[in-house]
Amino acid sequence: MPRAKTFGHQKRRLIRKKTSVCVASEKCDVSSSKKKIEKSKGYLKYEDNFSAESQSRFVIIDLNMLNDIFNNIAKCRYCDRSFCFDVAENKSSRRGLASSISATCKYCGSSHGSMTSNSVPAGYEVNL
């Protein structure tokens, strides 16, 4: 039986050069774990996600959710009460996808309404 060990021969190893590639869109000093933590914490920049200039698309909004938002952040300017708004749609004012919604105070009856889309010469912007 031949010898199992050979003298003078070393096992060949593949030696790879350690290189790091820096992508221009990503910061090189930020680890991927830190990015995941920031995303899981709900970390977001207000200016990037909620600026009025970037909101050029149309979305579907539940009026009950809009009603909750109004009641949590707004006060009536006439009776100075909170949690008093009722947001409703005027169904007879529908023009395609554009509609009229109004916020009415439950206590004093003051109301403010608006169309859900801008008016353009050919009709409403949402319908084009």
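Given the structure, is SER31 polar (S, T, N, Q), modelled with pLDDT of 65 or more and farther than 30 Å from HIS112 by Cβ? Break it down stepwise before answering.
Values: polar (S, T, N, Q): yes; modelled with pLDDT of 65 or more: yes; farther than 30 Å from HIS112 by Cβ: yes.
In short, yes.
For the range 48-69, the criterion of a residue being on the phi > 0 side of the Ramachandran plot and at pLDDT below 85 is satisfied by no position.
The values are calculated or read from the model by the stated rules, or taken from the named source; none is laboratory data. Please read these numbers as outputs of a predicted model, since none were measured by experiment. All Cβ positions, glycine included, derive from the backbone under ideal geometry; neighbour counts span all protein chains shown.
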